[in-house]
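K.L.:
The structure that follows is given in the form of structure tokens.
Derivation of every value follows stated rules applied to the coordinates shown; laboratory data play no part. As the structure is a prediction and not an experimental result, all values here were calculated from the model. All Cβ positions, even for glycine, are placed from backbone atoms using ideal geometry, and neighbour counts span all protein chains on display.
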Amino acid sequence: MKVSVVVPSKGCEYLRFLLFSLREQSTRPHEVVLVVKECSVKLVESLCSLYSLPCTIVEQKRGFFTAALNMGKRIASGDIVLFTDDDAIAPKGWIKRYIKAFTRASKDVASVSSRDVYIKLDEFRIAPTLDDYLHTMLYRWFIRTWLEPPLELLKEYRFGVYVSKRLNVVHGPYLPSRACLSLSYRGVNMAFRREVIDEVEFPEHPELKRAPGNEQYVSLKLILKGFKTVYIPNNPILHIYREDSLSRIKDKRLKKELMREVELMRSLYLKMLSQNSIRVSSSEIVD
């Protein structure tokens, strides 16, 4: 199987770490599709040359994050399309394990995803995530699925990532340590069969800059088309710890913008479900 790796990059600050890790893969990518914004194309070209990687570099001149994802997937030509971020570092067997996962999976499995593990570069140590704490696991087992039941069509997905009846993206009790049916876990570490990802688009909107939940939006689209999406715990990717990540935003203005995007994404979920004749009670989506 040929593998394309799609990477959106704004600023390209950490890109060299990812590209080095892709060169060191036990199974190298067929191509790396880089959609770059606000950084030097010549610099990116030199990095690709330095690490001897077959790169296709596209400069993004319009749109935000999901526009970059759509641009990248349209260019990707591999049998499998992997998506990651420019601040990730891929362990040596990352690509090989995805190939093995798709080889073993039934043909109706359109997508496979796995987790990310935060690494603090300045201290060169792994940082715990919310997923790793005991109280998080207990909450997911005994409270969350009762408080946030899944949409009826996602009942089998309740142990992984699912969309609740309130149209919230929810993490179930099997995450991050057990394989299960699941919407894509995180955009930094997800893979799709190319012929299937060609059929869907990531959500674009003038007010969606970060588009939280975009990866689950695409997964839900695939499920509505009759496919399955799964999570596996054994193919993590390292994610460089950054204070400006979505989960750690402290600035009140930015938090307000993010919440506005979350509400916009919920409206897009509702629209998608309505177009597929799936009714969601308005009273259920009110917090």
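K.L.:
Would you mind ranking I95, I89, I126 by Cβ crowding within 10 Å, fewest neighbours first?
P.N.:
In increasing order of surrounding Cβ atoms, one gets I126, I89, I95.
K.L.:
Let me ask something additional. Compute the Rg/Rh shape ratio of the range 1-104: radius of gyration over Kirkwood radius, all on alpha-carbon atoms.
P.N.:
Working: Rg = 12.8 Å, Rh = 13.5 Å.
Radius of gyration over Kirkwood radius for the range 1-104 works out to 0.95.
K.L.:
Per DSSP H run of at least 4 residues, take -39500 (n - 2.57); add these up for the chain, divide by its residues and hand me the 222 nm value, nearest 500 deg cm²/dmol.
P.N.:
Estimated from H runs of four or more residues: -9000 deg cm²/dmol.
K.L.:
Neighbour counts of other C-beta atoms within 10 Å: give me M190, M71, M259, M137 arranged from fewest to most.
P.N.:
M259, M137, M71, M190
K.L.:
7 Å from Cα along Cα→Cβ at both E38 and S52: what's the point-to-point distance in nm?
P.N.:
3.5
K.L.:
Treating only the Cβ atoms of Lys and Arg (+1) and Asp and Glu (-1) as charged, compute the dipole magnitude of the chain about its Cα centre; round to the nearest 20 debye.
P.N.:
On the way: 46 positive and 34 negative charges, 80 e Å.
So the magnitude is around 380 debye.
K.L.:
I'd like the distance between the alpha-carbon centres of the range 113-127 and the range 46-103, rounded to an integer number of Å.
P.N.:
Comparing the Cα centres of the range 113-127 and the range 46-103, I get a distance of 20 Å.
K.L.:
Further question: Could you give the nm distance between label points at W146 and D132, where each point is 7 Å from its Cα heading toward the beta carbon?
P.N.:
Output for this residue pair reads 2.9 nm.
K.L.:
Moving on. Over the C-alpha atoms of the chain, what are the Rg and the largest Cα-to-Cα span, Dmax, in Å?
P.N.:
18.3, 56
K.L.:
Full-extension gain between S177 and R16, please, as 0.36 nm times their residue separation minus the C-alpha to C-alpha distance.
P.N.:
55.0 nm
K.L.:
Okay, moving on. Mind checking which of L69, L175, L43 is farthest towards the positive end of the chain's charge dipole, using Cβ charges of +1 (Lys, Arg) and -1 (Asp, Glu) about the Cα centre?
P.N.:
L175
K.L.:
Exposure proxy check: F124, F20, F142, F202 ranked by fewest other beta carbons within 10 Å?
P.N.:
Taking fewest neighbouring Cβ atoms as first place, the list is F124, F142, F20, F202.
K.L.:
Which value, in debye to the nearest 20, gives the size of the charge dipole of the range 2-116 about its Cα centre, when Lys and Arg are +1 and Asp and Glu are -1 at the Cβ? Numbers along the way, then the final one.
P.N.:
Details: 18 positive and 12 negative charges, 74 e Å.
The calculation lands at about 360 debye.
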